[in-house]
Amino acid sequence: MMFQNIHYRGRIQLSPWRKISLASWKPTGDSSCYCFEEIEVDQLLYAAQKFNINLNTFVIKACSKSINLHPEINSTVRFHNIYRRDDIAVFFHVSSDVRRDDLSGILFEESQNMSIRKLNDEYLQKLNLAKLGKNQFSESKKIIGFLPSFFTKMVLSLFSFFAYRLNINLPIFKMPKNSFGSVMLTSVGSLGIQEALCPIAPYTKVPMVISIGRICEIPWVENGEIRIRKVIKFGFTFDHRIMDGRHFSAFLATFKNLIQNPNSLL
């Protein structure tokens, strides 16, 4: 369809518990679950330096590969039902200009199938354009800029209703298709923050937001010995209506293994 926003595989057959879960909570907020996980990144940092690949590129690919292996979390809630997405896209937050209080984002589609070098080139190119204010959200942000503040929530809600509930991407909103992807990443570590739990913006309809904390050195027990290791604390906020602990723990185990074994991402 010309105006279709997202390609879905179809509606998921709901278990009794999933129906209860969908009925129990609002789109986000009280349906959100939170988790921190410290992951050792010495090998990741070594690979990033050796192959001249940005650390965030590895995280983007690890996230995409993990979703590919656990497709049940790659879903959207529509009219009290869960629809599984047909593609994988990772949204990465970008602060284009801190002085102007401006936050934007860049989208990476099917990065699990890309070489790490190609993905890194795309990341750097899109990052540079976003910092110049030139990305897929430029036109829509201009519209928001002209609106009175009290209209903003209404416009965002209307966009979300058409784009996600009805699955129609209306040109009037000037938003790209599948605007916010399957999951959101945000690097709070780039701001010097060690750990953070970030909210899921209701209009994005993403099932999970992942924060990337600042790299720290901490005592790490390995084979019964205490060593100093570099770690990143990742913060996860996920929608309990879409995934339970068993879904999230399976995703996390895969994600953690990929981060700790970066050769599997090359």
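The values are calculated or read from the model by the stated rules, or taken from the named source; none is laboratory data. These numbers come from a predicted model, not from an experiment. All Cβ positions, even for glycine, are placed from backbone atoms using ideal geometry, and neighbour counts span all protein chains on display. In case anyone asks, the SASA skips ligands and DNA or RNA and just uses the protein heavy atoms, side chains included. Shrake-Rupley method; radii C 1.70, N 1.55, O 1.52, S 1.80 Å.
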Quiz item: Between residues in the stretch 235-260 that are closer than 18 Å to Tyr83 by Cβ and residues that are open to solvent by 50 Å² or more (accessible area, probe 1.4 Å), which pairs lie under 7 Å by C-beta distance while being six or more apart or on different chains?
Solution: His240/Trp25; Arg241/Trp25; His247/Glu72
Quiz item: In this structure, is Lys19 assigned to a helix (DSSP H, G or I), modelled with pLDDT under 95 and of a type in the set (D, E, K, R)?
Solution: yes
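Per-residue answers, yes or no, for (1) of a type in the set (Asp, Glu); (2) at pLDDT below 95; (3) open to solvent by 40 Å² or more (accessible area, probe 1.4 Å); (4) in a strand (DSSP E or B):
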position: Met175; (1), (2), (3), (4): no, yes, no, no
position: Ser190; (1), (2), (3), (4): no, yes, yes, no
position: Ser211; (1), (2), (3), (4): no, no, no, yes
position: Arg214; (1), (2), (3), (4): no, no, yes, no
position: Phe234; (1), (2), (3), (4): no, no, no, yes
position: Arg241; (1), (2), (3), (4): no, yes, no, no
Quiz prompt | strands (runs of 3 or more DSSP E) contained in the stretch 24-143 and holding at least 3 residues modelled with pLDDT of 95 or more and within 27 Å of Ile218 (Cβ to Cβ) | solution = 32-40
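Which is surrounded by 15 or more Cβ atoms within 10 Å (Cβ to Cβ), without any contact (Cβ under 8 Å) to a residue 60 or more places away in the chain and among the polar types (S, T, N, Q), of Ser149, Ser160? Walk me through it before giving the result.
On the way: Ser149 fails: surrounded by 15 or more Cβ atoms within 10 Å (Cβ to Cβ).
The conditions single out Ser160.
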Practice problem: Could you please give the count of residues in the stretch 163-173 that are touching a Lys or Arg at 6+ places or on another chain (Cβ under 6 Å) and surrounded by fewer than 18 Cβ atoms within 10 Å (Cβ to Cβ)? | Solution: 1
Quiz item: Looking at the stretch 219-232, which of its residues are exposed (fewer than 12 other Cβ atoms within 10 Å of the Cβ) and of a type in the set (A, V, I, L, M)?
Solution: Val221, Ile226, Ile228
